[in-house]
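What follows is a set of notes on a single structure, which appears directly below.
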Amino acid sequence: MNSKRNYYILTGMGFGFAFLYIPILLLMVFSFNEAKVTTRWSSFSLKWYQALLENDAIINAALISLKIAVISATIATIVGVLAGIALVRFKKFKGKTLFSGLMVAPMVMPEVITGLSLLFLFVAMEELIGWPDGRGMTTITIAHITFCITFVAVIIQSRLQGMDESLEEAAMDLGGRPIRILFDITLPLITPAMISGWLLSFTLSLDDVILASFVSGPSSTTLPLVIFSKIKLGISPDINALATLIIGIVAIGIVIAAWLMNKKEKAYQRDIQMAVAQNE
């Protein structure tokens with residue numbers, strides 16, 4: 001009975017993974033296709049990668065998207081970590097319910113509503129104080145930070161709620177100041193969650209279309225907007241090459257992040273074992 005159930009589970013998982021990853025693999029394979037038609041294989045070629053590198057519009061859009069994604073993910077991670085710590089470690093403070101609701105709102109609110117409200121905000125601010133001067137990288141970055149903070153805060157909350165507070169309490173008993181405990185104990189312990197939050201924020205910012213379509217300007221077209229506009233006229237093989245490069249970069253980033261988190265977790269477990277051994 002158990003073997004039959006395991007067979008059905010494995011079969012379902014196989015179909016699920018095939019449904020998700022076979023189209024991606026086909027896209028990567030056809031990026032090396034000689035033919036201009038993306039649905040018929042001709043012969044192996046790298047000409048579409050060369051064409052991609054010669055396409056200034058896509059290269060500039062990719063650089064803009066990467067710059068926005070790095071800045072947005074970094075700032076969102078810093079603010080999200082502080083928000084997550086405040087919501088978990090400070091049990092009660094005035095306005096906690098409102099603050100918690102505001103942190104979750106961007107996650108559950110439709111992106112169309114968020115983008116439209118931010119557009120109205122930027123227009124009103126420009127009329128009142130003259131900033132921001134039109135729509136561009138600054139407004140896109142602010143919009144992405146606003147959207148990504150909530151995801152980082154949720155990840156940090158989950159990590160802190162499942163973390164043993166005995167180390168922090170021991171440091172306080174030994175006279176450690178809160179700021180020193182934060183940097184020496186709390187932040188190192190939640191480093192894997194911080195890396196996960198940064199990677200998630202980077203990915204969300206890099207592939208965002210809806211928010212960017214509301215708050216972007218003519219001189220700040222992001223890569224997803226360029227791809228979306230090209231798809232309307234038909235998919236060209238250089239898009240397959242671009243997608244393959246992005247998949248490769250993301251895969252390398254995931255592998256490096258997993259290695260760092262695994263290394264950090266092993267060091268954490270080793271420190272705990274040493275502390276237990278010393279107490280015994």
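Do we find that F151 is among the aromatic types (F, W, Y) and either over 17 Å from the mean Cα position of the chain (by Cα) or on the phi > 0 side of the Ramachandran plot (or both) in this structure? No, not satisfied. Annotation note: of G14, G84, the sole residue that is small (G, A, S) and either within 27 Å of A143 (Cβ to Cβ) or more than 27 Å from the chain's Cα centre (by Cα) (or both) is G84.
Matching residues to (1) out of contact with any Cys (no Cβ under 9 Å at 6 or more places or on another chain); (2) among the polar types (S, T, N, Q):
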| site | (1), (2) |
| --- | --- |
| Y8 | yes, no |
| F19 | yes, no |
| K36 | yes, no |
| T39 | yes, yes |
| L46 | yes, no |
| A57 | yes, no |
| I68 | yes, no |
| A73 | no, no |
| G84 | yes, no |
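Is it the case that F122 is farther than 24 Å from L223 by Cα and out of contact with any Gly (no Cβ under 6 Å at 6 or more places or on another chain)? So F122 fails the test.
Evaluating I59 against the criteria (1) in contact (Cβ under 8 Å) with a residue 40 or more places away in the chain; (2) surrounded by fewer than 20 Cβ atoms within 10 Å (Cβ to Cβ); (3) under 17 Å from L206 (Cβ atoms); (4) among the aliphatic types (A, V, I, L, M) leaves one unmet condition, (1). For the range 184-208, taking the residues that are part of a loop (DSSP other than H, G, I, E, B) and within 14 Å of the chain's Cα centre (by Cα), the one that is nearest to I254 (Cα to Cα) is identified as D207. Only residues that are part of a helix (DSSP H, G or I), of a type outside the set (V, I, T) and surrounded by 13 or more Cβ atoms within 10 Å (Cβ to Cβ): list them for the range 170-183, please. Matches in the range 170-183: A170, A171, M172, L182.
Here's the yes/no breakdown for (1) surrounded by fewer than 19 Cβ atoms within 10 Å (Cβ to Cβ); (2) part of a loop (DSSP other than H, G, I, E, B); (3) in contact (Cβ under 8 Å) with a residue 24 or more places away in the chain:
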{"position": "L211", "(1), (2), (3)": "no, no, yes"}
{"position": "F214", "(1), (2), (3)": "no, no, yes"}
{"position": "V226", "(1), (2), (3)": "no, no, yes"}
{"position": "S229", "(1), (2), (3)": "yes, no, no"}
{"position": "D238", "(1), (2), (3)": "no, no, yes"}
{"position": "A241", "(1), (2), (3)": "no, no, yes"}
{"position": "V250", "(1), (2), (3)": "yes, no, yes"}
{"position": "I254", "(1), (2), (3)": "yes, no, yes"}
{"position": "W259", "(1), (2), (3)": "yes, no, no"}
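All conditions in (1) farther than 21 Å from R159 by Cβ; (2) loosely packed, with under 15 Cβ neighbours inside 10 Å hold for K96, with the sole exception of (1). The single residue among I246, I195, I231, I227 that is out of contact with any strand residue (DSSP E or B) (no Cβ under 8 Å at 6 or more places or on another chain), more than 18 Å from I68 (Cα to Cα) and not aromatic (F, W, Y) turns out to be I231.
Residue check: G115 meets all listed conditions (1) more than 21 Å from T222 (Cβ to Cβ); (2) in contact with a Leu (Cβ under 6 Å, 6 or more places away or on another chain) but one, namely (1).
Values in this text are rule-based calculations from the coordinates and carry no lab data. Please read all numbers here as calculations on a predicted model, not as lab measurements. Here Cβ is always computed from backbone atoms with ideal geometry, including for glycine, and neighbour counts include all displayed protein chains.
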